[in-house]
Amino acid sequence: MTLKVGIIYLGTFPPKKGGSGADRRVREIARGINAQPDTELEMLVARRSGDPEVLQYDGIKIRYLGDVGRSFIGKLMGRLKFWREVRALNKSNPFDWVLLYSIRIDAIILAWLLRGSGVRLAAEFCDLRSVGSTRSTLKDRFHSFLNGLDETFIPRITHLNIVISQYLENHVKKQAPKTEAQRLPILVDESLFQPVEGADEIMRDRFNLTETSFLAVYLGGLWRQEGVSYLIKGFAEFVQSNPEARLLIAGRLVAGSADHDDAEAIAKDLGIADKVIFPGWVSTDDVALFYSRANALVLPQINDEFAVAALPTKLAEYSITGKPIIATRVGDVPDYFEDGKDILLVESENADNIANALGQIANDEELAKRLGSAARLVAEKNFFPEKALQNIVLAMKQM
């Protein structure tokens, strides 16, 4: 018997190149569910200008619902129409399961109506949005309050809660102790990050690198929890004995925010502005290019509640490249990687540790190759969606 699953997502689908981590994660979840035998999947996505009625993407059926709204009232009415159309669709062609991905508290009424019609509900939690910001403005505090409502009440209306980390598993179990929770780690589509032919030459021309320049790379946000300030400080120590080395930090630069590291200012203050490359927010093609040229990929997160609750997608992306990874010992990272075997783990907020790890990789080619190859095996075992979603779909079929 075929299991029919609908995924409700109010973000962008299909994801755009360089899109958000949520856009990429929901795509991989959809791909993983769709790949399971005797399973039929449909994405239920909020309509945007120019969206067709029904679309196929990577073998996944997409149905656009609701209306496009420009004003606040227009967006509200479009959201209400979305919920009505989801309910009508389920009445005409019922789902066995509906997965609520990154939804807001306004979906609770729809969720109860779906439950009442016999649909089983799952919700996915990949971060803890109620924490992490300074909440310095009334708007920030209001959003944090709404996020707290989501994280408190949504786990209580489901039959299955899907979480990305042990921390979040504990959180949803506290809210709904009788509801099953399953961990689903970071996911990656290896086809997006294939090695780029001629990457060395392209990077030399674009960023004035030499053939022997050691290149450390960080790709992602510059929220303070990402620990980029410690990476820059560690690199400043490392570059003293490796003057041709360069650090590339790709991500949207935000100056003057208490929630972000002003990476350019930090590099300038440390006197290494000429040795740090800031290409800004980049496309998936550029990400693949940077991975291809990198000598080390770094994840310097600090031991903060927001970072501990999440597990960054870029770690899965890093692990399929065959390049050595340096990461802080934060959250679930040690659950998947072993220090010295498939990664170099360093202590959080410790620039000296990062400098030493960069030196190890720069000075030991065999170590670098071994770490990169072993990290790839970690990805194949844990982060490929076709394999990672097997237990989730099995749980759905057994309930």
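The values are calculated or read from the model by the stated rules, or taken from the named source; none is laboratory data. Every value quoted in this text rests on a predicted model; they were computed, and no experiment measured them. Counting neighbours? That spans all protein chains shown, and the Cβs are built from the backbone with ideal geometry, glycine included. Surface areas here come from the heavy atoms of the whole protein model, side chains and all, with no ligands, DNA or RNA. Shrake-Rupley method; radii C 1.70, N 1.55, O 1.52, S 1.80 Å.
Residues that are assigned to a helix (DSSP H, G or I) and within 22 Å of ILE164 (Cβ to Cβ): does segment 247-259 have at least one?
Checked segment 247-259: no residue is assigned to a helix (DSSP H, G or I) and within 22 Å of ILE164 (Cβ to Cβ).
Please count how many residues of segment 1-32 are open to solvent by 50 Å² or more (accessible area, probe 1.4 Å), modelled with pLDDT of 90 or more and not in a loop (DSSP other than H, G, I, E, B).
The qualifying residues number 0.
Out of segment 260-278, which residues are more than 22 Å from THR210 (Cα to Cα) and assigned to a loop (DSSP other than H, G, I, E, B)?
ASP261, ASP262, LEU270, listed by residue number.
Here is a check on your reading of the model: is ALA35 surrounded by 16 or more Cβ atoms within 10 Å (Cβ to Cβ) and within 22 Å of the chain's Cα centre (by Cα)?
Criteria met by ALA35.
Can you tell me which residues in segment 216-235 are at positive phi and open to solvent by less than 10 Å² (accessible area, probe 1.4 Å)?
GLY227
Going through segment 236-254 one residue at a time, which ones are open to solvent by 30 Å² or more (accessible area, probe 1.4 Å), at pLDDT below 95 and touching a helix residue (DSSP H, G or I) at 6+ places or on another chain (Cβ under 7 Å)?
Listed by number, the list holds a single entry, LEU253.
What number of residues in segment 60-103 are aliphatic (A, V, I, L, M), touching a helix residue (DSSP H, G or I) at 6+ places or on another chain (Cβ under 7 Å) and part of a strand (DSSP E or B)?
4
Out of the residues in segment 183-204 that are in contact with a Leu (Cβ under 7 Å, 6 or more places away or on another chain) and under 17 Å from LEU248 (Cβ atoms), state the one that is surrounded by the most Cβ atoms within 10 Å (Cβ to Cβ).
The selected residue is MET203.
Kindly provide the set of residues from segment 1-49 that are free of Cβ contacts under 8 Å to residues at least 60 places away in the same chain and of a type in the set (A, V, I, L, M, F, W, C), ordered by number.
MET1, PHE13, ALA30, LEU41, MET43, LEU44, VAL45, ALA46
Would you pick out the residues in segment 353-399 that are not aromatic (Phe, Trp, Tyr) and not in a helix (DSSP H, G or I)?
Passing the criteria: ASP364, LEU389, MET399.
Could you please tell me which pairs satisfy a Cβ distance under 7 Å, a separation of 6+ or placement on different chains, a first residue in segment 90-111 that is closer than 15 Å to MET396 by Cβ, and a second residue that is of a type in the set (Asp, Glu)?
Qualifying pairs under 7 Å: LEU99/GLU124; TYR101/GLU124.
Given ALA327, ALA374, ALA316, which one is at pLDDT 95 or above and either over 24 Å from ASN170 (Cα atoms) or surrounded by fewer than 22 Cβ atoms within 10 Å (Cβ to Cβ) (or both)?
Criteria check complete, one pass: ALA374.
Check LEU311 against each of (1) under 24 Å from the mean Cα position of the chain (by Cα); (2) crowded, with 22+ Cβ neighbours inside 10 Å; (3) at pLDDT 95 or above and name the one condition it does not meet.
(3)
Do you know which residues across segment 199-246 are under 17 Å from VAL298 (Cβ atoms), outside any helix (DSSP H, G or I) and acidic (Asp, Glu)?
The answer is none; no residue qualifies.
Going residue by residue through segment 380-398, is there one that turns out to be exposed (fewer than 15 other Cβ atoms within 10 Å of the Cβ) and of a type in the set (Gly, Ala, Ser)?
no
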